[in-house]
Amino acid sequence: MISTERSQSQSPRSPTAAGAPFLTISVTDPVKMGTGVQSYISYRVITKTNLPEFEGQEKIVIRRYSDFEWLHDRLAEKYKGIFIPPLPEKNAVEKFRFSKEFIEMRCQALDLFVNRIASHPELKQTEDFRIFLQADEEKMDRARSYETGIFKKPSDFLQMFKDVQSKVSDVVLGKEKPVEESTPEYEKLKNYIFELENHLAEAQKQAFRLVKRHRELGQSLADFGKAIKLLGACEGDSLEKVFSEVGSKSEMLSVKLQREADNLLFHFEEPLKDYVRSVQSIKATMVDRANAFRQHFDLDQERKYKELNLEKLKFMNPEKFSETEVEFRELKADSEEATKRFEHIVAVMEEELARFQEQKTADIGLAFHEFAKGQAKLAKDIADAWRSVLPKLEACSTS
Amino acid sequence: MMSSTAPPDLAAGDGDGDGYMTLSLAAATTASEYASVASTFDPLLSALPSSPPTHAAFPHSPASSSFVDPPSYADVAASSSSPHSGSSSASPRSARAAGLEYTFIAVSDPAPETEPAATSLVPGSAPTYISYLVTSVRRGEHRRHAVRRRFRDFVTLADRLAESFRGHFVPPRPDKNTVESQVMQRDEFVAQRRAALERYLCRLSEHPAIGPSDEFRVFLQAEGKMPLPSSTDVASRMLDGAARLPRQLLGEETVSAPQDVLQPAKGGRDLLRIFKELKQSVVSDWVGVKPPLVEEDKEFLEKKQKLQDWEQQLTSSSQQAEALVKAQQDMGETMGTLGLALIKLTKFETEEAMYGSQRIRAADSKRIATAAVKASRACRDLNTQTVKYLDTLHEHLGIMLSVHTAFNDRASALLTVQTLMSDLASLQSRIEKLEAAALKIFGGDRSRLRKVEELRETIRATEDAKCCALREYERIKENNRSELHRLDRERKVDMLEMLKGYVKSQAAYAEKIVECWETVEEETSGYARRADCIAR
């Protein structure tokens, strides 16, 4: 099922048919709050829905980036296996943090984030999501600080050692070299994901450079236009006029180039970046899967070992047996639990992957379309501008 | 039709740019800039004299070149790699060249040779130099002349021309030693120099006075060693001048011979004259004494001022043009790298495809990648064109250099006249003083009277010299005038051609890539429609 495309505009959308369930969300109106080091950007999150789980037709709340982060982390914790929609980057170079471009792009990315959650069959029904969309600011603040302030449970520690370090800690704790799931299909998938990220990152890097090139070309065209006009002024009479025309066209095209640079940034480079983030989200899920696998595997090994011992004890030490048997049953339950969790993740990932591929084809297809459209329009403007000057140049006869 | 006339093909690297000491850094960076653009082909592989100018009229004359059908980029790229082809459309510039003395000029085949009188004891370490084959065909003749010349010969030619054509805008020769040449590889340097020398000779032949001149013809046609006597043999001139100086100081030789005043005072022979003229110019400038003859030609002064303004704007325009070329080049490059990155992505997704949606996506990225690569190529072709047309700006900066020289010729000729006139005035006053003093002595003063006679002799000689100098000055003024007239005309033509060429190539490029992007836009329009649907 094709996911809902991100809301292009912030205008309200009406349901296709009265009574049909809808849930539309928009993130808009970034506003700088506070002063100095404490300052941050707040966003308006507008929810329009007729779903019964929500309080009322329309709800507007104010949220900041860390609220979105809270939502993301809660979902990531609870719904292992699902590719949680990615957030835009957390940190930014200080001076860049409040630039208009950066804020707009972040707003766009956050809007995309919530809408993707809203169109995910499981995620959209979560309590956390509802809290995020509806809780008043105070409640939201409390929920957020609770999460970051309190002492973490042991399972959270495992969460924290998400990447390479988890392997290190296993070794440190005395376990054997880490065991990994290694079916050929999963191997293939892992390689695919890692390589995909590289290719995408490269494409995104070039796209970003292309934006810069547009700006540079625009600037040099403007400078050239000015210089040509002044040059023409030295000549005088008819030649001055055509020089002036050429100069003016250059300046005009310079503006168009700047606009296309902006267009490229928002509708081509940013989607590519978003693609990269999505792939990184998959990598995070893969880590979860690896952890779940290890848990399942370890507990399973332990169970098998204990089972054998139990058999022996039955005959050799009947007293000890009953104690041990109780322990064993607990262990067996845990092991089955871990195995179920692992298998759940595997199953969910299957679905998510199919969904991901389809979604990405649509997202990137649109980005490609916008890219081609923008370039075509720019080229057309360039052609038109110069064609219009040509007759004047031709007409300018030389004595 | 002159084969190498077209707005000199910059693509082969502009060695001339290095020679303009007075020009800003812009000129120096030009060479490297163009060298990088030129790196796509090797001028040494370009057509050699053996291929006669068959291109004749360029296929599309400006009148008929339709907007829809510009010369293909392949054509331009091929033709621009050969300096012999008239790579611009049949322009007034080439028409200007059509009535030329020489229908063909080429510099080729750089080859090392050893100094003849090699006195080195160690074999193989004798100083070598590069000689070039200079081929030419004179209009009306069928015979093709081919002579070997070394760079020093070109310098000699340039110096001789500077002497013979004072007041004219003599095209400047390629510079002797450039900073670049230290950094560059030998071959690259030689290649650039070869191209620059060829361009230099072509410009000389285009000049209405120099083209038909004997000096030029001798240079092109006289076999064997270069026969033009080097009149700028500085060493001997220095000795010459040093020998004469004591005699001058002792008053035995106070007058410049008439033929000497036809040349500006140069180092060596005319040390005294230099001192005198320097004093004169100082007097004129600092003390505020009005010199006996001033530059009164108002029209000339106005023109000069205008040219100064023009030169200033030209410099700034050529700098911006370079920046523009660089930006265009970068754009083309980045578009290309993006295309390549997308191609790699496409390949990857195709190979690893596990889902149908992946294959669709791979097809999409392939379309975009192809379009991007096409656009990148078109942009680079455009840039070659842009370089070629905007190079006119650099050309004209070079011409301004020769204008300065011509104006200096005029100023120094004027100075010579002024100096002689004040000489005359002082001689006259000395005579008057002597005569007055002689009168006071009863019976006359034979020694004083004798001195007066001598002085009168000197005055007569000085008068002759003054007349010569004045004639020369007028001649140079006339040269200035006619050259300025020619420059005005040619400048307008060149500038117009430049703009036309630039605008046309930009439009053609844009149209070409509109098509390739619109196709992809159409092919991917489904995604936009779906997005709209869902939004609704």
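Residues of B:363-369, mean number of Cβ from any other protein chain within 10 Å of their own Cβ, rounded to a whole number?
So the per-residue partner count for this stretch is 4.
Going by how many other beta carbons lie within 10 Å of each one, how would you line up B:I513, B:I431, fewest first?
B:I431, B:I513
What's the long-distance tail for region B:322-429, i.e. % of Cα pairs beyond 22 Å?
Of the Cα pairs, 63 percent sit more than 22 Å apart.
Counting partner chain Cβ atoms within 10 Å of every residue's Cβ in B:487-495, what's the average?
Averaged over the peptide's residues, the number is 3.
Expressed as a whole percent, how much of the Cα-Cα distance distribution for region A:280-380 exceeds 19 Å?
Counting pairs separated by more than 19 Å, the tail of P(r) holds 64 percent.
Fewest to most neighbouring Cβ within 10 Å: what's the order for A:S254, A:S238?
If I rank by nearby Cβ atoms, fewest first, I get A:S238, A:S254.
Measure up A:K306/A:K340; A:K226/A:K392; A:K212/A:K373; B:K366/B:K512; A:K124/B:K347 against 24 Å on the Cα-Cα distance and list the ones that go over.
Pairs exceeding the cut-off: A:K124/B:K347.
Using Cβ counts within 10 Å as a stand-in for footprinting exposure, how do A:F194, A:F54 rank, fewest first?
Result, fewest neighbours first: A:F194, A:F54.
Using only alpha carbon positions, build the gyration tensor of region B:292-536, then give the equivalent ellipsoid semi-axes as the square roots of 5 times its eigenvalues, largest first, whole angstrom.
In descending order, the three semi-axes are 80, 16, 12 Å.
Mind jotting down the distance between the C-alpha centroids of region A:114-128 and region A:342-399, whole Å?
Result: 30 Å between the Cα centres.
Read-outs throughout are calculated quantities, based only on the coordinates presented, and are distinct from any laboratory measurement. Keep in mind that this is a model prediction, so the values were computed, not measured. No Cβ is skipped: glycine too gets one built from the backbone with ideal geometry, and neighbour counts run over all protein chains shown.
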